[in-house]
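Just below is one structure, and these are the notes that go with it.
The values are calculated or read from the model by the stated rules, or taken from the named source; none is laboratory data. Remember, predicted model here, so these are calculated numbers, not experimental data. Here the Cβ positions follow ideal geometry from the backbone for every residue, glycine too, while neighbour counts run over all protein chains shown.
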Amino acid sequence: MHFTHQNIDEATNLAGNGPNGNRATTKVKEKKRKEREREGERNQILHPLPSMLLRRISTTSFSSLTSPLCHQKRAIPLPNPNDILLLPPSAGCSGLQRRLTFRSSPSCSRMASGFQRTTQEPTARRPSFVPLPPSDADKAELFRGLEAALGSPFSSDPLSPPPNPLIVVISGPSGVGKDAVIKRLREVREGIHFVVTATSRAKRPGEVDGKDYYFVTKENFLSMINRNELLEYALVYGEYKGIPKQQIRDFMAKGFDIVLRVDIQGAATLRSILGDSAVFIFLVAESEASLVKRLIDRKTETSEMLLVRIATAREEVRHMKKFDYVVVNAEGKLEDSVKLVNSIIDAEKAKVRQRSVNI
């Protein structure tokens, strides 16, 4: 039976009225005195332990026992009340030492030293007060004073990370001036690489192999397809055109922006492959009549081929809404078209959420 102080007091009063009252009263009082002594000893042992130390002990025990790297059961040493020596306030100690002093128990010593380091580290890192130089001080002195007051030097690293290399896909109907825009863009903008497309068609007058196109036979082109060397390819007007992957990888690794010139069919294929990681620009003439005049002026197709190209251009214009930007390349306004394409690239590089592509 558990005796409370009230039960003991009542028993004492009852026992004092009986024939053996004095003897019973003495036993009850002795039992009451011993219980109070034991309670006082427990309070003296547990009260000085800081709550943070108890949390440290319980956290260490839990993390050690539940760690997936634990290969065996480990006994977590707890402080032994016999290892704790209470010191009076006049002992000349401060902080944790004034509250607790551990005897020679290794486990208790380690816990005490670890707790002392934890409580002392923030104080050690806190910078002391540093007076600021006057506002009329020279720039270098004020600069150093602000650094000293903040407790760390100012960094010279760029606050904004460098923009990612872009893949710019320029497409449009035949005869809108894709080659002219790209050629001028390469002259006015640095850090871009125009990917030379491989094709199986014959060279036109003035074209240079390796600069305008890589001119290969149909057999060689089919071999490139089988070796998975092309990002995309298409059969256009009976001839193959495709984009070699390795060029893109090499120049993007150097930080260059990539410019691709493809037809509408190739742009649709690239959109399915690259998604929103590339910038798609649709280049168009100011009117259908202007486009037909340009095709006639090229004098590279027969009347039958002109008819096919014009019919194809009408169909291709309907895909304009699938692109990110539209640039009108009007007759005699080449510089305006190039400036607009240049500003599109600048705007893309200034975005907070950069496009990122992996070929």
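Tabulated data for the structure shown
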quantity	calculated
Selection within the range 160-180 - closer than 24 Å to ASP250 by Cβ and not acidic (Asp, Glu)	PRO161, PRO162, PRO163, ASN164, PRO165, LEU166, ILE167, VAL168, VAL169, ILE170, SER171, LYS178
Pairs where the first residue, in the range 270-292, is of a type in the set (S, T, N, Q) and the second is in a strand (DSSP E or B), C-beta under 8 Å, 6+ apart	SER277/ILE167
TYR237, sole failed condition from (1) within 25 Å of SER277 (Cβ to Cβ); (2) of a type in the set (Ser, Thr, Tyr); (3) not assigned by TED's automatic domain parsing to the domain that holds LEU340	(1)
Matching residues, the range 308-329, being touching a residue at least 40 places away in the same chain (Cβ under 8 Å), aliphatic (A, V, I, L, M) and surrounded by 15 or more Cβ atoms within 10 Å (Cβ to Cβ)	ALA313, VAL317, VAL327, VAL328
Selection from the range 249-275 of residues that are of a type in the set (Asp, Glu) and at pLDDT below 95	ASP250, ASP263
Verdict on ARG355 being at pLDDT 90 or above and not assigned by TED's automatic domain parsing to the domain that holds MET252	yes
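Here's the yes/no breakdown for (1) out of contact with any strand residue (DSSP E or B) (no Cβ under 8 Å at 6 or more places or on another chain); (2) β-branched (Val, Ile, Thr):
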position	(1), (2)
SER287	yes, no
ARG294	yes, no
THR302	yes, yes
VAL308	yes, yes
GLU316	yes, no
PHE323	no, no
VAL326	no, yes
ASN329	no, no
